[in-house]
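Each remark here refers to the structure printed beneath this line.
The values are calculated or read from the model by the stated rules, or taken from the named source; none is laboratory data. Bear in mind the structure is a predicted one, so any value in this text is a computation, not a measurement. Counting neighbours? That spans all protein chains shown, and the Cβs are built from the backbone with ideal geometry, glycine included.
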Amino acid sequence: MERKIKSFQEFYDYYLSEHKNKICRTLHFIGTALALAFLLSAIFYGTLVNWLLVPIAGYGFAWMGHFFFEKNKPATFSYPIWSLLSDFKLFLEILLGTKSLDSSKD
């Protein structure tokens, strides 16, 4: 990513262009769901293991999707906050049915 992105919407459009592969999107969805589950579990039960599993699940699944299927560099390295927010936005859109795991159906 060479140009400087100035708004979240501009970043999200770029984010979607980097998440076209169905397996990559699926891995992001699974990772975000697991990260949220571990986060809730950590909050309610306070176990250190669950706190450690939040980023491992979230980033682990997402990065596998990028490195092995999408074959690109995760946006987390350049725009960490917008990338995290975009992960949650895409997760919610898939959950609500406004986006699909198959980007050709968006």
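Below, the figures for the structure above:
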item: Every residue from region 19-51 that is farther than 26 Å from residue 101 by Cα, surrounded by 14 or more Cβ atoms within 10 Å (Cβ to Cβ) and among the aromatic types (Phe, Trp, Tyr); result: 51
item: Residue among 47, 76 that is β-branched (Val, Ile, Thr), over 26 Å from residue 22 (Cβ atoms) and modelled with pLDDT under 95; result: 47
item: Selected residue (criterion: farthest from residue 71 (Cα to Cα)) from residues of region 11-51 that are in a helix (DSSP H, G or I) and charged (D, E, K, R); result: 13
item: Residue, farthest from residue 76 (Cα to Cα), within region 29-62, restricted to residues that are in contact with a Phe, Trp or Tyr (Cβ under 7 Å, 6 or more places away or on another chain) and not hydrophobic (A, V, I, L, M, F, W, C); result: 50
item: Qualifying residues in region 52-106 (those that are part of a helix (DSSP H, G or I) and charged (D, E, K, R)) - the one surrounded by the fewest Cβ atoms within 10 Å (Cβ to Cβ); result: 105
item: Evaluation of residue 16 against (1) in contact (Cβ under 8 Å) with a residue 40 or more places away in the chain; (2) touching a Ser or Thr at 6+ places or on another chain (Cβ under 8 Å); (3) loosely packed, with under 14 Cβ neighbours inside 10 Å; (4) not small (Gly, Ala, Ser) (one fails), failing number; result: (3)
item: Any hit, region 2-11, residues being crowded, with 17+ Cβ neighbours inside 10 Å and modelled with pLDDT of 95 or more; result: yes
item: Residue among 29, 67, 38 that alone is aromatic (Phe, Trp, Tyr) and in contact with a Gly (Cβ under 9 Å, 6 or more places away or on another chain); result: 38
